[in-house]
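Okay, so here's the structure we're looking at.
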Amino acid sequence: QLTLATYPQYSTAETTSWHSRNTSIASVSSNGTVTGKSPGSTSVYCVVNGYINTNDVLVNVSKPKLTLSADKPSGLYEKGTLVTLSCNKFGATIYYTLDGSTPNKRTMTYTTPVRLDNNAILKAFAVKDGCIESDVLSIEYKISSLKVSSTYPEQDSEVQRANIVPT
């Protein structure tokens with residue numbers, strides 16, 4: 001959102017209009033709202049009282065980067081636990097592996113939550129036209145056939161003693 005600042009401070013602009021030098025990269029509305037349309041750079045300027053303002057604003061438009069997340073962090077889980085993957089952009093395609101190998105566009109496509117029945121290193125990434133693909137997400141899951149009621153240490157806490165033995 002661009003705003004016009006006049007100088008001296010109390011002067012007025014009777015008429016203003018905003019313009020983009022390349023509307024295929026970015027457009028600008030009559031109130032100064034800039035909207036990116038395609039990757040690239042252009043400048044936006046204002047016409048004040050019939051005169052072109054010499055202070056152009058450089059606008060850089062880039063593709064959005066996808067980010068990927070899982071609803072369960074690394075840790076110990078019960079057999080049959082479901083892991084839900086999500087991306088910051090609707091309609092992205094997520095590819096994943098469970099064997100620790102790097103996923104690619106020929107590996108499994110995520111459509112429903114992933115069921116974990118064995119130890120797994122889940123790796124996944126997301127792609128979508130018009131976006132920069134996500135970094136590879138990597139999460140290690142240890143699976144137990146026992147019911148997991150709690151784990152130690154608690155998530156995000158540090159172990160203060162190196163030689164703790166569960167009893």
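The values are calculated or read from the model by the stated rules, or taken from the named source; none is laboratory data. Keep in mind it's a predicted model, so treat the numbers as computed, not measured. Methodologically, a virtual Cβ is constructed for each residue, glycine included, from the backbone with ideal geometry; neighbour enumeration extends over all protein chains shown. Quick note on the areas: whole protein, heavy atoms, side chains included, nothing else; ligands and nucleic acids left out. Shrake-Rupley method; radii C 1.70, N 1.55, O 1.52, S 1.80 Å.
For the stretch 14-30: of the residues being in a loop (DSSP other than H, G, I, E, B) and either without any contact (Cβ under 8 Å) to a residue 24 or more places away in the chain or among the acidic types (Asp, Glu) (or both), which is most open to solvent (accessible area, probe 1.4 Å)?
Taking the stretch 14-30 as the starting set, the residues that turn out to be in a loop (DSSP other than H, G, I, E, B) are 14-15, 21-25, 29-30.
Then drop every residue that is not either without any contact (Cβ under 8 Å) to a residue 24 or more places away in the chain or among the acidic types (Asp, Glu) (or both), which leaves 14, 22-24, 29-30.
On the way: Glu14: 160, Asn22: 56, Thr23: 87, Ser24: 70, Ser29: 45, Ser30: 104 Å².
Among residues in the stretch 14-30 that are in a loop (DSSP other than H, G, I, E, B) and either without any contact (Cβ under 8 Å) to a residue 24 or more places away in the chain or among the acidic types (Asp, Glu) (or both), the one most open to solvent (accessible area, probe 1.4 Å) is Glu14.
Give all pairs with beta carbons closer than 7 Å in which a residue from the stretch 86-110 that is more than 17 Å from Tyr141 (Cβ to Cβ) meets a residue that is surrounded by 14 or more Cβ atoms within 10 Å (Cβ to Cβ) and among the basic types (Lys, Arg); count only pairs at least 6 apart in sequence or on separate chains.
The qualifying pairs are Lys89/Lys128; Gly91/Lys128; Ala92/Lys128; Thr93/Lys128; Thr102/Lys123.
Mind checking which residues of the stretch 25-54 are closer than 22 Å to Ser11 by Cβ and touching a Lys or Arg at 6+ places or on another chain (Cβ under 8 Å)?
Passing the criteria: Val44, Tyr45.
Could you list all residues from the stretch 33-44 that are modelled with pLDDT of 90 or more and within 18 Å of Gln1 (Cβ to Cβ)?
Thr33, Val34, Thr35, Thr42, Ser43, Val44, listed by residue number.
Could you list, in sequence order, all residues of the stretch 40-74 that are assigned to a loop (DSSP other than H, G, I, E, B) and open to solvent by 80 Å² or more (accessible area, probe 1.4 Å)? Explain how you work it out, then say what you get.
Of all residues in the stretch 40-74, those assigned to a loop (DSSP other than H, G, I, E, B) come to 49-50, 53-56, 62-64, 66-67, 71-74.
Result: Thr54, Asn55, Ser62, Lys63, Asp71.
Is one or more of the residues making up the stretch 2-13 assigned to a strand (DSSP E or B) and surrounded by 11 or more Cβ atoms within 10 Å (Cβ to Cβ)?
Residues of the stretch 2-13 that are assigned to a strand (DSSP E or B), as a first pass: none.
No; the residues of the stretch 2-13 include none that is assigned to a strand (DSSP E or B) and surrounded by 11 or more Cβ atoms within 10 Å (Cβ to Cβ).
Taking the stretch 55-83, which residues are in contact with an Asp or Glu (Cβ under 6 Å, 6 or more places away or on another chain) and charged (D, E, K, R)?
Lys79
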